[in-house]
1. Please give the helix 191-224 orientation as an angle from the longest Cα principal axis of the chain, in degrees from 0 to 90, rounded to the nearest 10.
2. Pop the C-beta distance of His233 and His51 into the FRET formula with R0 = 30 Å and round what comes out to the nearest 0.05.
3. Hey, any idea what % of region 151-248's accessible area is carbon plus sulfur with a 1.4 Å probe?
4. I'd like the orientation of helix 19-49 relative to the chain: the angle between its Cα long axis and the longest Cα principal axis, in ° from 0 to 90, rounded to 10.
5. With the calculation restricted to Cα positions, what are the radius of gyration and Dmax of region 107-180 in angstrom?
6. Could you tell me how many degrees, from 0 to 90 and to the nearest 10, lie between the Cα long axis of helix 136-161 and the main elongation axis, the longest principal axis, of the Cα atoms of the chain?
7. Which of the lysines could a cross-linker span from Lys234 if the Cα-Cα distance has to be under 18 Å and same-chain partners fewer than 8 positions apart are dropped?
8. So if each residue of separation counts as 0.36 nm, and I subtract the Cα-Cα distance between His129 and Ala159, what length gain in nm does that give?
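The values are calculated or read from the model by the stated rules, or taken from the named source; none is laboratory data. Keep in mind that what you see is a predicted model, and the values were worked out from it rather than measured. A quick note on method: Cβ atoms are made from the backbone with ideal geometry, for glycine too, and the neighbour counts reach across all protein chains shown. Side chains are part of the model used for accessible areas, which takes the heavy atoms of the whole protein and leaves out ligands, DNA and RNA. Shrake-Rupley method; radii C 1.70, N 1.55, O 1.52, S 1.80 Å.
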Amino acid sequence: MSNSSSLNEFLLLAFADTRELQLLHFSLFLGIYLAALLGNGLIITAVACDHRLHTPMYFFLLNLSLLDLGTISLTVPKSMVNSLWDTRAISYLGCAAQVFFFFFLFSAEFYLLTVMAYDRYVAICRPLHYGTIMGSRACVKMAAAAWASGFLNAVLHTANTFTIPLCQGNVVDQLFGEIPQILKLSCSDAYLREVGLSAVSLFLGFVCFVFIVLSYVQIFTVVLRMPSEQGRHKAFSMCLPHLAVVSLFISTVMFAYLKPPSLSSPALDLLLSVLYSLVPPTLNPLLYSMRNKELKDALKKLVQWVHCQHQ
């Protein structure tokens, strides 16, 4: 294949070769997908319907659940269909769309987690100014900035990647379309443009990471000085779910993309792709609801209402 214009489809990495393992893969991914849909769907519905949750923290949580739903819906159904029908193919345009939306949602989620860290910082370190700083218009602007930044990031990377000539076949060693795997198919030095763009994105990501770390240093400094044990417990209940989500997100992505080349193998890359594309969207609702009494109460009311409607 001389260039990308002659490509009609890509071949994704097969999760399993035997029919039994393919069906096991389908069943496992179906269970994970349904759990993610249920968890994130419940949070979105609870936040939207319960007026007590109409606060900045839960507004950002609703946005996070929307991003998680988008991320897992982008990769898992296609992988399940491929296993069910014993195929590896994804169309050229389908792969480009998958790359674009995955990069968009993933980038927007990290920017949103940064905004959520700022929300926690203001709530705990500057409580008297919280209502002024985190007004409804400010929250909408910050959430919109996270979504818009992810969108711009995705446009630049996707447009650049799919204008690079590809001549190393059409086999993508991944469960879904991913830029590093597609760049391995390039046949010129044009991929260096993507390396430059990736360096800029990594720098922005590092800035966000430093901001989150500094925010939590300030937060824990204030919390540990609180005289009231009840106040400390409430502050930790507000922060620990977000800190757990950030840690899960960053650790899986860093291990997937910054691991030494000597550790790279199709099996490990496959495992890591499952780790960072499935685990955070599935576990985030659980992490946020475990220590959050307000959210648990809202979810109980929602479940009770649904139960009453079906009686």
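1. Helix 191-224 sits roughly 20 degrees off the main axis of the chain.
2. Values: r = 25 Å, r/R0 = 0.84.
Calculated value: 0.75.
3. Details: 3560 of 5030 Å².
So the carbon and sulfur contribution to the accessible surface is 71 percent.
4. The helix 19-49 is inclined about 30 degrees to the chain.
5. That works out to 18.7, 60 Å for Rg and Dmax.
6. Tilt of helix 136-161: around 10 degrees.
7. Lys293, Lys296
8. Values: separation 30, 0.36 × 30 = 10.80 nm, distance 4.23 nm.
Full-extension gain reported as 6.6 nm.
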